[in-house]
Structures are given as structure tokens and as C-alpha cells.
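Quick note: the coordinates plus some simple rules give every number you see, no bench work behind them. Values in this document were obtained by computation on a predicted structure and should not be read as measured data. Here Cβ is always computed from backbone atoms with ideal geometry, including for glycine, and neighbour counts include all displayed protein chains.
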Amino acid sequence: MEVLKQPLSNVQLELLKTFSHQLSESEILELRKILAQFFAQRAIQLANEVWDKNEWTDEDVDRMLETKMRKKSN
């Protein structure tokens, strides 16, 4: 069995330090929403960068939607 050198990521460690006290259920739900928004915004930002880098148009996206792009794995 492989032993992980650092089983928690830097963000996990930081969150553990920051939230070392109990949160109410409503606070936990609010935190989840904030984290979801953060990661959604990050995904949109990265997608926009790929879009701009490839100079895609709406027509390109329509063509991709109609094309089977997944490769079969062995």
C-alpha cells in the first residue's frame, strides 16, 4: 500500500485551520454555496480561456455538439 506524503491538499489544510470551530447547518449550507460559486466561476474562466485561445465561434460549438469526439478506451 502506498503511503501519501501529504494526504490533504493545501486548500484542505487551510480550511481545517480556518474552520476549526463548529458551524451551524445554515452556515455550512452557505459555505457550500460560496465554494460552489467559486469553482463554477473558475471553470467558466478556464473555458473562456480555451475558447479564446482556439478562436472558436458559435458555429464551431454547434459542429462539436453534433460530432462524436470521445475515443474508445481499450
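Scanning segment 51-74 for residues being part of a helix (DSSP H, G or I), exposed (fewer than 10 other Cβ atoms within 10 Å of the Cβ) and of a type outside the set (D, E) gives a total of 3.
The rows are residues; the columns are (1) in a helix (DSSP H, G or I); (2) in contact with a strand residue (DSSP E or B) (Cβ under 8 Å, 6 or more places away or on another chain); (3) of a type in the set (D, E, K, R).
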site: Q12; (1), (2), (3): yes, no, no
site: L16; (1), (2), (3): yes, no, no
site: Q22; (1), (2), (3): no, no, no
site: Q37; (1), (2), (3): yes, no, no
site: E49; (1), (2), (3): yes, no, yes
